[in-house]
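Take a look at the structure below.
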Amino acid sequence: QAFRIGRAVYGFQFHFEADQPMVRDWSAAFAPLIAARNPDWAGKLDGEMASNGPRADAAGLAIARAWVATI
């Protein structure tokens with residue numbers, strides 16, 4: 001979710017800056033917490049990265065560039 005109110009208020013309820021290397025780092029660093037909530041995550045990570053990673057990276061970069069262009 002993302003929103004804007006007026007000229008200067010923006011809200012993001014996701015990590016658009018989280019690229020593939022960061023997601024891998026977070027997945028390793030928080031493995032016990034993730035496994036408790038989604039036991040299959042470790043086995044799905046590579047497939048998710050392959051199918052969604054490049055587009056997610058591109059979208060996150062586009063959001064970051066657009067946001068920086070406003071300030």
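For segment 1-12, a tally of residues being open to solvent by 70 Å² or more (accessible area, probe 1.4 Å) and in contact with a strand residue (DSSP E or B) (Cβ under 7 Å, 6 or more places away or on another chain) returns 4.
Any residue that is surrounded by fewer than 10 Cβ atoms within 10 Å (Cβ to Cβ) and of a type in the set (S, T, N, Q) - is there at least one of those in segment 24-31? No, the conditions are met nowhere in segment 24-31. Taking segment 32-53 as the search range and keeping residues that are open to solvent by 60 Å² or more (accessible area, probe 1.4 Å) and touching a residue at least 12 places away in the same chain (Cβ under 8 Å), which one is farthest from Phe14 (Cα to Cα)? Taking the candidates together, the pick is Ala42.
The values are calculated or read from the model by the stated rules, or taken from the named source; none is laboratory data. As the structure is a prediction and not an experimental result, all values here were calculated from the model. In this analysis, Cβ positions are derived from the backbone assuming ideal geometry, glycine residues included, and neighbour counts consider all displayed protein chains. Side chains included, ligands, DNA and RNA excluded: accessible areas come from the protein's heavy atoms. Shrake-Rupley method; radii C 1.70, N 1.55, O 1.52, S 1.80 Å.
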